[in-house]
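Student: Please see the structure below; I have some questions.
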Amino acid sequence: SPSTTAPIDPHALLAPELSRIRSQLFNLLGSSHPMLSEIASYYFQHPSKQIRPLLVLLFSRATNGLGSQFPLKAWAAEHARLSANELNAPLERADVLCDFNPSMPDHTASFNTPFDLQPPPQRAYPTPPTSPSSTHVPTLSYTLLPTQLRLAQIVEMIHVASLLHDDVIDKSPLRRGAPSAPSAFGNKLAVLGGDFLLGRASAALSRLGSGEVVELISSVITNLVEGEILQMRGTGLPEVDVTTSMLSNTTTEGTVPPPSLKLDRWSIYLRKTYLKTASLMAKGARSAVVLGGCREGEMWKEVAYAYGRNLGIAFQLVDDILDFSASSSALGKPGSGTDLRLGLATGPVLYAAEEYPELEPMISRAFKGEGDVERALTLIHASSGVARTRELATAHAEKAREVLQMLPQSDARDALEALTEGVVRRGW
Ligand code: FPP
Ligand code: MG
Ligand code: MG
């Protein structure tokens with residue numbers, strides 16, 4: 001039932017957690033190369049909406065303890081006590097354990113004498129800090145687990161790693177209202193900074209102690225890359241002929257040629273939108289539920305995934321609209337026609353092409369013809385492309401809101417509801 005009180009502000013509900021998550025991220029990025037730490041943490045120094053961490057924390061709060069036989073507070077305290085020690089050990093622990101140590105016998109000697117290899121002396125892991133006032137992830141609220149707070153950080157680290165790579169690929173000069181990392185440090189260091197972040201995110205991910213979550217979040221990294229590749233394939237091709245070896249069938253008659261899948265531009269565009277944006281939100285939210293370990297978990301996992309997927313698609317559709325309607329200063333990154341200049345035909349263009357077929361050949365040649373970008377912008381603004389893309393975004397946001405109704409009422413559910421509206425209203 002719709003709430004009659006003033007809508008809740010999702011950021012305000014979790015403001016202390018979000019600010020702790022941000023400030024503590026710097027602790028996860030220490031390196032023997034200060035430049036690497038500086039680049040990896042560069043985008044965290046600028047304000048951002050932290051929508052992905054917010055999603056993880058809100059789903060945690062909305063589902064933790066659901067159906068639990070135990071009093072939530074006692075259960076959370078026990079879980080926090082058990083996970084805190086493991087979580088708080090320095091993320092470079094593997095280096096501490098494995099680095100060449102002058103007091104150890106030369107590792108290479110063993111390659112020649114495999115049969116009389118002595119077991120290595122037992123080495124203890126460095127002792128994690130035990131005092132509750134130590135640097136990492138304290139429980140700020142008994143409704144959130146330390147593993148879920150850390151998941152929120154991991155999700156943001158992966159997002160920022162993809163932005164570091166994206167700004168190299170897109171040759172983008174601006175991000176979060178400041179020079180982009182490639183502008184500030186050069187392409188090579190921006191790429192390496194992204195890789196470093198992925199490595200640290202992986203170490204942190206393994207500490208969460210859930211194979212299911214490791215698998216979900218790892219698959220997000222591949223999805224981001226698949227989305228980026230699909231976006232490149234969609235560039236300048238009227239119809240992409242996707243033949244996949246996975247579809248090939250070996251029968252007694254021999255190998256059947258794989259069926260050819262004709263993917264039209266809309267299918268490519270929507271699939272790409274899921275892969276590059278919605279996957280992280282959907283699987284991040286789902287992982288939050290996994291870590292919470294509530295009963296009837298399977299159902300709540302589906303709810304989280306479906307919500308994140310629809311919210312993510314709505315979010316990216318709006319982002320694609322803003323590329324035609326918002327100024328660079330409002331976005332903190334280059335605006336107005338950037339996607340067209342990159343050769344990308346997003347929702348507003350695909351709709352506009354239905355009204356102005358003249359856009360078809362321009363899409364096919366990725367707006368590389370003389371005056372294509374300017375002419376396309378004129379046609380798109382004359383068309384209902386932006387309005388129809390907004391309707392599509394609203395439909396996905398509505399779906400997200402609908403699926404939330406399966407959750408019991410809570411402040412977190414209200415906040416998630418407000419978030420769907422915020423995503424669609426952004427910037428207009
Ligand atoms: C921003 O999109 C970019 C992404 C959402 C994902 C980019 C993914 C990669 C570059 C693959 C590599 C991934 C990892 C994890 C290292 P955009 O360019 O449309 O938006 P923008 O206007 O914010 O730049
Ligand atoms: Mg891009
Ligand atoms: Mg970009």
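Read-outs: derived from the displayed coordinates by stated rules, not from any lab. All values reported here derive from a predicted model rather than from experimental measurement. Neighbour counts run over all protein chains shown; Cβ positions are idealised from the backbone, glycine included.
Student: Which one, MET281, SER384, GLY422, projects farthest toward the positive side of the charge dipole computed for the stretch 275-428 from Cβ point charges (K/R +1, D/E -1)?
Tutor: Result: MET281.
Student: Another question, then. Along the Cα→Cβ direction, 7 angstrom out, place labels at GLU374 and SER410. What is the inter-label distance in nm?
Tutor: Simple spin-label model gives 5.6 nm for this pair.
Student: When the convex hull of the C-alpha atoms of the stretch 278-327 is computed, what volume per residue in Å³ does it have?
Tutor: Value for the stretch 278-327: 58 Å³ per residue.
Student: Could you tell me the center-to-center distance, by alpha carbons, between the stretch 4-26 and the stretch 373-395 in angstrom?
Tutor: 33
Student: Then there is this: Could you calculate, for the stretch 159-230, the ratio of the Cα radius of gyration to the Kirkwood radius, expressed as Rg to Rh?
Tutor: 1.04
Student: Extension gain HIS381-GLU354, at 0.36 nm per residue separation less the Cα-Cα distance, in nm?
Tutor: 8.4 nm
Student: Magnitude of the Cβ-charge dipole of the stretch 308-428, K/R +1 and D/E -1, about the Cα centre, nearest 20 debye?
Tutor: 240
Student: Related question: If you average 1/r across every pair of different Cα atoms in the stretch 356-428 and take the reciprocal, what Kirkwood value do you get, in Å?
Tutor: Hydrodynamic radius (Kirkwood, Cα pairs) of the stretch 356-428 is 14.9 Å.
Student: Enter the Cα centre distance for the pair the stretch 48-63 and the stretch 156-179, rounded to the nearest angstrom.
Tutor: 21
Student: Aspartates and glutamates within cross-link reach of LYS49: Cα-Cα under 12 Å, excluding same-chain residues under 8 positions apart?
Tutor: The qualifying aspartates and glutamates are GLU156.
Student: Of the listed pairs LYS188/LYS301; LYS368/LYS399; LYS333/LYS399; LYS188/LYS368; LYS276/LYS301; LYS188/LYS399, which have alpha-carbon separations greater than 31 Å here?
Tutor: Beyond 31 Å between Cα atoms: LYS188/LYS301; LYS368/LYS399; LYS188/LYS399.
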